[in-house]
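The values are calculated or read from the model by the stated rules, or taken from the named source; none is laboratory data. On a predicted model such as this, the values are computed, not experimentally measured, just so you know. Neighbour counts are summed over all protein chains in view; Cβ atoms, including those assigned to glycine, are modelled from backbone coordinates with ideal geometry.
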């Protein structure tokens, strides 16, 4: 009986010390996307090879910039799924709307060889103290052996300092990046 008492006491103490579930945020599109004018190449195969993130942004916790050089990850506020996967899906969706073609994300189906392939390397992916999305990096476009690269630096203010507003700002930043990708793709295919 004494052992049962201690077991119940331990379970009660464990329940009292557990922390609340972290909040989880989805990355989605926030605005209608205007298609980029395409010439004759409307049936090209397009792929997103990969998206590389800095080490601090690879996990689920959201990375916050607290000063000019300090980043703190927030275990209480997280992305709902791994950020690289969410970014790949969001960029593919946005590129499809802009280019008017299907955009596949690696791993590609057997036999799929993209004629136009994107690689994105993100150097900075943080939530600023004001809640804005600060995303910087470069993308590389491989168009059947011809390679072009372009840097990007995007700062999208949030409507408030909430994490919901930050998720919306990230979605807007992704739309801006894919707009630049689509323009570069249109240049490559002409």
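Residue selection: residue 104 fails the criterion of being under 15 Å from residue 47 (Cβ atoms) and part of a helix (DSSP H, G or I). When the range 60-78 is examined, which residues are found to be closer than 14 Å to residue 122 by Cβ and free of Cβ contacts under 8 Å to residues at least 60 places away in the same chain? The answer is 71, and nothing else. Of the set (1) modelled with pLDDT under 95; (2) under 16 Å from the mean Cα position of the chain (by Cα); (3) surrounded by fewer than 18 Cβ atoms within 10 Å (Cβ to Cβ), all apply to residue 175 but (3).
Can you name every residue in the range 53-69 that is more than 26 Å from residue 118 (Cα to Cα), in contact with a strand residue (DSSP E or B) (Cβ under 9 Å, 6 or more places away or on another chain) and not in a strand (DSSP E or B)? Correct list: 66 only. Looking only at the range 87-114, residues that are touching a helix residue (DSSP H, G or I) at 6+ places or on another chain (Cβ under 9 Å) and over 15 Å from residue 182 (Cβ atoms) come to 4 in all.
Of the set (1) surrounded by fewer than 20 Cβ atoms within 10 Å (Cβ to Cβ); (2) at pLDDT 90 or above; (3) assigned to a helix (DSSP H, G or I); (4) more than 14 Å from the chain's Cα centre (by Cα), all apply to residue 89 but (4).
The residue that is surrounded by the fewest Cβ atoms within 10 Å (Cβ to Cβ), among those in the range 124-169 that are free of Cβ contacts under 8 Å to residues at least 60 places away in the same chain, under 17 Å from the mean Cα position of the chain (by Cα) and within 18 Å of residue 77 (Cα to Cα), is 165. Of all the numbered requirements in (1) surrounded by fewer than 21 Cβ atoms within 10 Å (Cβ to Cβ); (2) under 23 Å from residue 165 (Cβ atoms), residue 104 misses one, and that requirement is (2).
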